[in-house]
Number of protein chains: 2
Amino acid sequence: MMTAPALDPETRLQRDDHEALRLWLRLFTCTTMVERRVDQMLKRAFGSSLARFDVLAQLDRAPDGLRMGALSEGTLTTNGNVTWLVAALEADGHVTRRTAPDDRRATVVRLTAAGRRHFTLMAREHEALIIHGFAGLTALERRTMHTLLGTVKQHLRLERTS
Amino acid sequence: MMTAPALDPETRLQRDDHEALRLWLRLFTCTTMVERRVDQMLKRAFGSSLARFDVLAQLDRAPDGLRMGALSEGTLTTNGNVTWLVAALEADGHVTRRTAPDDRRATVVRLTAAGRRHFTLMAREHEALIIHGFAGLTALERRTMHTLLGTVKQHLRLERTS
DNA sequence: GGTCTTTACTTGAAACTTCAAGTAAATCGC
DNA sequence: GCGATTTACTTGAAGTTTCAAGTAAAGACC
């Protein structure tokens, strides 16, 4: 192992910068590659999409349903997009929408039985693809990465509020 | 630290599965959060977008220009999308297109001087955002993550060809 | 209890992306 | 060299996403 050469502050800074950029580039590349595969699989095999799957996944974990706002936060997408996605899912009979009893501005979205079945089928294939995709790492490496990403995520969340 | 409990093969498998899924979920979340921030910044401050920036970034590293196909591979997007993006960038005067001298099917895209200036301005802000976003990790952690992602990326590439 | 602000969501236009099908040039096999 | 295949890109339609502006209900403040 080589000793790091002494660097003046400016050079060190540039080096750090490039490092962060390279990290981001790689993160972006890996995510996009997996994303595209998953999306294509969901489209071809189920006539669905990653965005729809994501909405269904949120709802699958919420037996009492979720409001549009919660879906929008959970999927990291805009309100308008969630409105559009849920409308499409409703047209397909996968979810229902009803006005919240305690707040007439709010809409509660719920999975239908058919929606749950549909999701379960997709989730199986989805999981297989993900497991396959990350099989290049050992279990320990996956855990390490999970932990590091946890730090990044928390940092991003904190940053957002300030 | 606890000792891991003994697990039968099936249970162990399920555990691994959930681990990979959780890793993917977190990876996706972090990437999307950064992506959205960068995209919003580029839109608000420069009337551009992450996709356009990505094309310009590829071209900035290629003084002799790039073919549409290379751009498409580099940006991990479809041919049709690159055609669209490049047409928009050309209309804005940021790039030029010309038929490749050695292959009349191919188009070579090159950054104009104005395009390079525009990109340089955006790159500055972009880098600042990225550095800020990953400041939650130490330099060592960033390196670790970079290495792990390298493994993932290579695994994904190898998988694709098979 | 009436205005003022905030919140929850929807809408429409424009931007972007994908997919499938198409065009034209290069290359392969003979 | 000539037809068959492949490659490089474009096109058009449909799908998706975003943004800004809008509507309606809830809550805040007197």
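Computed from the coordinates by the stated procedures, all read-outs in this text should not be read as laboratory data. It should be emphasised that the depicted structure is a prediction, and the values quoted were computed from it without experimental measurement. Note that we place each Cβ from the backbone using ideal geometry, even for glycine, and neighbour counts take in every protein chain shown.
Going residue by residue through the range A:143-158, is there one that turns out to be touching a Phe, Trp or Tyr at 6+ places or on another chain (Cβ under 9 Å) and more than 27 Å from B:VAL38 (Cα to Cα)?
Taking every residue of the range A:143-158 in turn, none turns out to be touching a Phe, Trp or Tyr at 6+ places or on another chain (Cβ under 9 Å) and more than 27 Å from B:VAL38 (Cα to Cα).
So is B:GLU35 under 14 Å from the mean Cα position of the chain (by Cα), without any contact (Cβ under 8 Å) to a residue 40 or more places away in the chain and loosely packed, with under 15 Cβ neighbours inside 10 Å or not? Walk me through it before giving the result.
Details: under 14 Å from the mean Cα position of the chain (by Cα): yes; without any contact (Cβ under 8 Å) to a residue 40 or more places away in the chain: yes; loosely packed, with under 15 Cβ neighbours inside 10 Å: no.
Answer is no for this residue.
Take the residues in the range A:72-92 that are among the aliphatic types (A, V, I, L, M) and either more than 8 Å from DNA strand C (Cβ to nearest atom) or touching a residue at least 40 places away in the same chain (Cβ under 8 Å) (or both); name whichever of them is nearest to A:ARG105 (Cα to Cα).
Initially, the range A:72-92 is screened for residues among the aliphatic types (A, V, I, L, M), giving A:76, A:82, A:85-89, A:91.
Now narrow it down to the ones that are either more than 8 Å from DNA strand C (Cβ to nearest atom) or touching a residue at least 40 places away in the same chain (Cβ under 8 Å) (or both): A:76, A:85, A:88-89, A:91.
Values: A:LEU76: 21, A:LEU85: 19, A:ALA88: 20, A:LEU89: 20, A:ALA91: 21 Å.
Among residues in the range A:72-92 that are among the aliphatic types (A, V, I, L, M) and either more than 8 Å from DNA strand C (Cβ to nearest atom) or touching a residue at least 40 places away in the same chain (Cβ under 8 Å) (or both), the one nearest to A:ARG105 (Cα to Cα) is A:LEU85.
Output the residues belonging to the range A:40-67 that are crowded, with 16+ Cβ neighbours inside 10 Å and among the hydrophobic types (A, V, I, L, M, F, W, C). Before the answer, list the steps.
Residues of the range A:40-67 crowded, with 16+ Cβ neighbours inside 10 Å: A:41-42, A:46, A:48-59, A:62, A:65-67.
Of everything in the range A:40-67, those that are crowded, with 16+ Cβ neighbours inside 10 Å and among the hydrophobic types (A, V, I, L, M, F, W, C) turn out to be A:MET41, A:LEU42, A:PHE46, A:LEU50, A:ALA51, A:PHE53, A:VAL55, A:LEU56, A:ALA57, A:LEU59, A:ALA62, A:LEU66.
Rundown of residues vs (1) closer than 30 Å to B:LEU140 by Cα; (2) among the basic types (Lys, Arg), yes/no style:
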{"site": "A:GLU90", "(1), (2)": "no, no"}
{"site": "A:ASP102", "(1), (2)": "no, no"}
{"site": "A:ALA106", "(1), (2)": "no, no"}
{"site": "A:LEU111", "(1), (2)": "no, no"}
{"site": "A:ARG117", "(1), (2)": "no, yes"}
{"site": "A:LEU121", "(1), (2)": "no, no"}
{"site": "A:GLY150", "(1), (2)": "yes, no"}
{"site": "A:LYS153", "(1), (2)": "yes, yes"}
{"site": "A:LEU156", "(1), (2)": "yes, no"}
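Can you pull out the residues in the range B:128-147 that are in a helix (DSSP H, G or I), hydrophobic (A, V, I, L, M, F, W, C) and within 7 Å of another protein chain (Cβ to nearest Cβ)?
Here is the first cut: in the range B:128-147, the residues in a helix (DSSP H, G or I) are B:128-133, B:139-147.
Then keep just the ones that are hydrophobic (A, V, I, L, M, F, W, C); that gives B:128-131, B:139-140, B:145.
Listed by number, the residues that qualify are B:ILE130, B:ILE131, B:ALA139, B:MET145.
List the residue pairs whose Cβ atoms are under 7 Å apart, where the first residue sits in the range B:96-124 and is farther than 16 Å from B:ALA70 by Cβ, the second is exposed (fewer than 13 other Cβ atoms within 10 Å of the Cβ), and the two are 6 or more positions apart or on different chains.
Hits for this filter: B:THR112/B:GLY93; B:ALA114/B:GLY93.
When the residues of the range A:69-102 are filtered to those that are touching a strand residue (DSSP E or B) at 6+ places or on another chain (Cβ under 6 Å) and crowded, with 17+ Cβ neighbours inside 10 Å, which remaining residue is farthest from A:ARG117 (Cα to Cα)?
Applying the filter and picking the extreme gives A:VAL86.
What are the residues in the range B:106-162 that are under 30 Å from A:MET41 (Cα atoms) and of a type in the set (Ser, Thr, Tyr), if any?
Once the filter is applied, which keeps residues that are under 30 Å from A:MET41 (Cα atoms) and of a type in the set (Ser, Thr, Tyr), the range B:106-162 yields B:THR147, B:THR151, B:THR161, B:SER162.
Tally up the residues in the range B:70-97 that are within 10 Å of DNA strand D (Cβ to nearest atom) and either touching a Gly at 6+ places or on another chain (Cβ under 8 Å) or aromatic (Phe, Trp, Tyr) (or both), please.
Residues of the range B:70-97 that are within 10 Å of DNA strand D (Cβ to nearest atom), as a first pass: B:70-73, B:78-87, B:90, B:97.
If we keep only those that are either touching a Gly at 6+ places or on another chain (Cβ under 8 Å) or aromatic (Phe, Trp, Tyr) (or both) too, we end up with B:79, B:84.
Within the range B:70-97, residues that are within 10 Å of DNA strand D (Cβ to nearest atom) and either touching a Gly at 6+ places or on another chain (Cβ under 8 Å) or aromatic (Phe, Trp, Tyr) (or both) number 2.
Could you check, for the range B:108-117, whether at least one of its residues is within 18 Å of B:SER49 (Cα to Cα), near DNA strand C (Cβ under 8 Å from one of its atoms) and in contact with a helix residue (DSSP H, G or I) (Cβ under 8 Å, 6 or more places away or on another chain)?
no
Within the range A:43-57, count every residue that is over 13 Å from A:LEU89 (Cα atoms) and without any contact (Cβ under 8 Å) to a residue 40 or more places away in the chain.
Counting residues in the range A:43-57 that are over 13 Å from A:LEU89 (Cα atoms) and without any contact (Cβ under 8 Å) to a residue 40 or more places away in the chain gives 2.
Quick one: would you say A:GLY150 is part of a helix (DSSP H, G or I) and facing chain B (nearest Cβ under 7 Å)? Quick ask: steps written out before the conclusion?
On the way: part of a helix (DSSP H, G or I): yes; facing chain B (nearest Cβ under 7 Å): yes.
Considered against the rule, which asks whether it is part of a helix (DSSP H, G or I) and facing chain B (nearest Cβ under 7 Å), A:GLY150 comes out as yes.
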